[in-house]
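For reference, the structure discussed in these notes is given below.
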Amino acid sequence: ELLQGDFFYSLQNSVIYKAIEQLMNNTQPCDIVTVSDLLTKNGELESAGGILYLSETMENSLGLGDIENYAQIVKDRHTVRLLADVCNSVLHSLHNPAGVDIESILEIAQKDVLAISDNSRADEGLIDGNPLLKSALQRVDDKFNSDSTITGVKTGFSELDELTSGLQKSDLII
């Protein structure tokens, strides 16, 4: 969720990442055979650097232990490249104003930098609602089909259990 295929500087890595992402979305294994097969079917094996580059990349790939840190590095480098593009565009506009005043150039630069900032924070704080909805519906269904009024852990105090339906996962008890 942290990365997108176009975050990679290298076209080969971008193509490989997109293939792995496609396999994962289809809950298929991601190994050299399945990735190369998908790339071949999509006609992208050569743009991924060929089978030799693919096998070297997968052989030298990092384990899952620190994957989030490495993904953050890729994302940060992508943001740096976007910012450099904006800076180059501003420099070009300053050297070749073509009738555009400085205020307009400044406005465009601010808008472009803010767009980068907004995009780099777009995935923070938001989560996919489907798993939450499925979990909530499952709990409602379980409670509806249950003969007991206690859905959590019994406390041993019958009146308390009747009031709270037992201790629930979300309860904070002090």
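The values are calculated or read from the model by the stated rules, or taken from the named source; none is laboratory data. Given the structure is predicted, the values throughout are model-derived calculations rather than measurements. Cβ sites come from the backbone with ideal geometry, for glycine too, and all protein chains shown count toward neighbours. The accessibility values were calculated without ligands, DNA or RNA, using every heavy atom of the protein model including side chains. Shrake-Rupley method; radii C 1.70, N 1.55, O 1.52, S 1.80 Å.
With viscosity set to 0.890 mPa s and temperature to 25 °C, compute the Stokes-Einstein D of the stretch 1-115, Rh being the Kirkwood radius across alpha carbon pairs; µm²/s, no decimals.
148
Rounded to the nearest 0.05, what FRET efficiency do residue 58 and residue 81 have when you use their Cβ-Cβ distance and R0 = 25 Å?
According to the calculation, E is roughly 0.50.
How would you order 88-99, 49-60 from highest to lowest mean count of nearby Cβ atoms within 10 Å?
49-60, 88-99
Can you tell me the accessible area per residue over the stretch 1-77, all protein chains present, probe 1.4 angstrom, in square angstrom?
68
Which residue, chosen from 60, 33, 79, occupies the Cα position most advanced towards the positive end of the dipole of the stretch 31-83, where the dipole is computed from +1 (Lys, Arg) and -1 (Asp, Glu) charges on Cβ about the Cα centre?
So the residue furthest toward the plus end is 79.
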